[in-house]
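Chemist: Before we start, here is the structure in question, set down as structure tokens.
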Amino acid sequence: LTLTMNTDGARVFNSSHSSALWPLQCVVNELLVHILLAALWFGAGHPDMVMFLNPFVNKINRIGTITWESGGHVMNLRVQIVCCCVDAPARAAVLNMKQFNRYYGCTWCLQKGTYLNGKQLLNHRIDLGTVPSTLKKGEPSYGVKGPTPLMNAQGPDLVWGVNPDYLHCVLEGVTKHVCENWLT
């Protein structure tokens, strides 16, 4: 039984000091019309992701494998997270990484990037970064600031199991900007 998880913040009131609501939702991939509200956080700013995600991860791990009998056959399903579908700012918070517009802000590579005309540009050589390399060093490296509770969850690939952000990359013109830089 596989889950796609999502979280994102939404301001509740129109004010610079307003509170935000962060739902943690899951889609059961085998039952697409069923969306589960796994957690809800309300407060000023971003939630403490350790406090927010740990209960969810612990619950998923406690569920473990579900066993039942159907038609004389014993069925076993392991519950696991296979995808973390979040936008770029939420991805940085959930994975405990630097924002996409900072040095080493890419989820998928180890490139520092460079600033050109106030924009962060990355040269993506295939050189994957992982959270375990940061843990071995015991200090932030390559954009990873520290561990994330998702490291302890069953299933997720913390590099390839996180989607690119369509909203910020395509709808807000980042892809157009990158293509213009490549072609000029």
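The values are calculated or read from the model by the stated rules, or taken from the named source; none is laboratory data. All values reported here derive from a predicted model rather than from experimental measurement. Neighbour counts run over all protein chains shown; Cβ positions are idealised from the backbone, glycine included.
Chemist: Could you figure out which of (1) surrounded by fewer than 18 Cβ atoms within 10 Å (Cβ to Cβ); (2) within 19 Å of L158 (Cβ to Cβ); (3) in contact with a Lys or Arg (Cβ under 8 Å, 6 or more places away or on another chain) isn't true of C84?
Modeler: The single condition C84 does not satisfy is (1).
Chemist: Sticking with this structure for a sec: Under the condition of being part of a strand (DSSP E or B) and not aliphatic (A, V, I, L, M), which residue from region 76-86 is nearest to the chain's Cα centre (by Cα)?
Modeler: Let us first name the residues in region 76-86 that are part of a strand (DSSP E or B), namely 76-78, 80-84.
Restricting the remaining residues to those that are not aliphatic (A, V, I, L, M) gives 76, 78, 80, 83-84.
Working: N76: 28, R78: 21, Q80: 15, C83: 8, C84: 5 Å.
Across region 76-86, the extreme among qualifying residues is C84.
Chemist: Taking region 45-75 as the search range and keeping residues that are in a loop (DSSP other than H, G, I, E, B), surrounded by fewer than 14 Cβ atoms within 10 Å (Cβ to Cβ) and within 21 Å of the chain's Cα centre (by Cα), which one is modelled with the lowest pLDDT?
Modeler: Start the filter on region 45-75 by keeping residues that are in a loop (DSSP other than H, G, I, E, B), which leaves 45-48, 64, 71-72.
Narrowing further to those that are surrounded by fewer than 14 Cβ atoms within 10 Å (Cβ to Cβ): 45, 48, 64, 71-72.
Then keep just the ones that are within 21 Å of the chain's Cα centre (by Cα); that gives 45, 48.
On the way: G45: 82, D48: 92.
Ranking the qualifying residues of region 45-75, first place goes to G45.
Chemist: While we're on this one: Looking at region 93-102, can you tell me whether even one residue there is touching a Phe, Trp or Tyr at 6+ places or on another chain (Cβ under 6 Å) and of a type in the set (A, V, I, L, M, F, W, C)?
Modeler: No: zero hits.
Chemist: Shifting gears a bit: Can you name the residue in region 87-103 that is outside any helix (DSSP H, G or I) and free of Cβ contacts under 8 Å to residues at least 40 places away in the same chain and is also surrounded by the fewest Cβ atoms within 10 Å (Cβ to Cβ) among such residues? Write out each step before concluding.
Modeler: We begin by selecting, within region 87-103, every residue outside any helix (DSSP H, G or I); these are 87, 96-103.
If we keep only those that are free of Cβ contacts under 8 Å to residues at least 40 places away in the same chain as well, we get 99, 101.
Working: Q99: 13, N101: 16.
That would be Q99.
Chemist: Still on this model: Checking G64 against (1) in contact (Cβ under 8 Å) with a residue 60 or more places away in the chain; (2) in contact with a Ser or Thr (Cβ under 9 Å, 6 or more places away or on another chain); (3) at positive phi, which single condition isn't satisfied?
Modeler: Exception for G64: condition (2).
Chemist: Please list, ordered by residue number, the strands (runs of 3 or more DSSP E) wholly in region 1-44 having 1 or more residues that are loosely packed, with under 10 Cβ neighbours inside 10 Å. Before the answer, list the steps.
Modeler: On the way: elements: 2-7, 19-28, 35-44.
Correct list: 35-44.
Chemist: May I ask you to list pairs of residues, at least six apart or on different chains, whose Cβ atoms are under 8 Å apart, with the first in region 19-45 being within 13 Å of I81 (Cα to Cα) and the second being of a type in the set (D, E) and crowded, with 16+ Cβ neighbours inside 10 Å?
Modeler: If the second residue must be of a type in the set (D, E) and crowded, with 16+ Cβ neighbours inside 10 Å, no pairs are left.
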